[in-house]
Amino acid sequence: LKILIADDEALSRRLLEKTLTRAGYEVTAVENGRLAVEQLSRPDGPRLALLDWVMPELDGPGVCREVRKLQEKQEQAYVFMVLLTSKESKEDIVAGLESGSDDYLTKPFNVEELKARLRTGERILNLEDKLVEAREQMRFKATHDALTSIWNRGVIMDLLGRELSRSRRDLHGGLAGGRGSL
Amino acid sequence: MQQIKGQETKGFSQGHRVNFPELLARVDDDRELLRDLLAIFKEDFPGHLQALRDAVAHQDMKQAMVVSHTLKGMLSNLAVTKAAASAAQLEQLASGGGEVPLKEALAEFERDVEGLLPEMETYVAEVQS
């Protein structure tokens, strides 16, 4: 599974990169929030992300907000984002989660805790995938004939109705245009 | 990957600043990774320390806050517990904007990291051997 690490501090980035590679992830590491958004908004980009809170260009919560906005607009697959922070106050944690992150982890992290939280993320992503697949199956069943797998009556009537409306608009538009040129 | 699992930590230098058993646990006893981290530390730490000194001298509280945050993260990853706590205090003071206590906290931080680089050099040498 692909995972993104965004941390401006080289030592922390290297530690995370090695730990996660050893755990079997395909790691991409970037050093600021802007590059993180770029990676996460790619169609084949990572769906798991570990984001440092304090980063240049764009901080961790800023990355979460941008990624969630892009997801709403483009209907991209869900990205599970974990904020890495040394901020421990309740207000900070609430602000982090409100920004759209799914979880947070305090620095310095414990390796086993990190892996466990990422496994939670993987479970959620798997559930999301199953949900999307089920929705697509239901959409297909609602629009296709069960026996022949071609469009059902409801869809064909709907399409015909729309085509008729479009043709009427074209016809009226053409007549109006024709009168204007006379 | 070279592993040092099972190796007695008493074989390494027992410094007062680095909690070496904790550091080994953090890297999962990976000698190669430890060497990488110490190399990054040796390269980056002097620059960050100088940036902190400059920020405090110029009363640039925002910069002092950012640099002490970076140092805190770096030192806690390397299990340099006391100096990481001093960096955390510096970060907190810088966010509050008090100049005099910030200078005192910087002096304390410098005391905590004094001799840290030679100690790290010793670890690097022992890890490489």
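The values are calculated or read from the model by the stated rules, or taken from the named source; none is laboratory data. Only a predicted model underlies this, so the values are computations on that prediction, with no experimental measurement involved. Ideal geometry is used to build each Cβ from the backbone, glycine not excepted, and the neighbour counts take in all protein chains shown. Accessible surface is based on the protein model in full, side chains and every heavy atom, while ligands, DNA and RNA are left aside. Shrake-Rupley method; radii C 1.70, N 1.55, O 1.52, S 1.80 Å.
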Do you know the relative contact order of segment A:55-182, to the nearest whole percent, from alpha carbon pairs under 8 angstrom that are 6+ apart? 17
With N set to the number of residues, divide the alpha-carbon radius of gyration of segment A:1-87 by 2.2 N^0.38 Å and report two decimals. 1.00
Evaluate the distance, in nm, between pseudo-label points positioned 7 Å from the Cα of A:HIS144 and of A:GLN71 along their respective Cα→Cβ axes. 2.8
Expressed as a whole number, the average count of other chain Cβ atoms within 10 Å around the Cβ atoms of B:67-74 is 4
Bin by bin, in steps of 10 Å, what percent of the Cα pairs in chain A do you find, going until the bin that has the longest distance? 9, 29, 23, 11, 12, 11, 4, 1, 0
If each K or R counts +1 and each D or E counts -1, the residues other than A:GLY100 whose Cβ falls under 11 Å of its Cβ total -1
Quick one: if you stick a label point 7 Å off each Cα along the C-beta vector at B:GLU22 and A:ALA23, how many nm between them? 2.1
Per-residue average of other protein chain Cβ atoms inside 10 Å, peptide A:6-15 -> 6
Beyond 19 Å, what percent of the Cα pairs of segment A:106-171 remain? 63
Counting only protein heavy atoms and rolling a 1.4 Å probe, one gets per residue an accessible area for the protein assembly as shown in Å² of 55
Stokes-Einstein D for segment B:16-129 at 10 °C, 1.306 mPa s, Kirkwood Rh over Cα pairs, in µm²/s? 111
Highest first, please rank the peptides A:125-134, A:90-99 by the mean number of other Cβ atoms sitting within 10 Å of their residues. A:90-99, A:125-134
Rounded to the nearest 0.05, what FRET efficiency do A:ALA95 and A:ALA176 give with R0 = 51 Å and r taken as the Cβ-Cβ distance? Could you check? 0.35
Once the Cα atoms of segment B:40-86 are picked out, what are the Rg and Dmax in Å? 10.5, 30
Sorted by packing (mean other beta-carbon atoms within 10 Å per residue), highest first, where do A:143-151, A:37-45, B:60-68 land? B:60-68, A:37-45, A:143-151
Run the reach check for A:LYS18 against lysines, Cα to Cα strictly under 18 Å, same-chain hits fewer than 8 apart removed. What comes back? A:LYS2, A:LYS107, A:LYS115, B:LYS5
Average Cα contact separation per residue, segment A:1-64, under 8 Å, 6 or more apart, as relative contact order %: 41
Which percent of the accessible area of segment A:93-142 is formed by carbon and sulfur heavy atoms (probe 1.4 angstrom)? 55
Ratio of the Cα radius of gyration of the protein assembly as shown to 2.2 N^0.38 Å, where N counts its residues: 1.42
With eigenvalues of the C-alpha gyration tensor scaled by 5 and rooted, segment A:94-139, Å: 29, 15, 4
Within a 10 angstrom radius of each residue's Cβ in B:35-43, how many Cβ atoms of other chains show up on average? Whole number is fine. 3
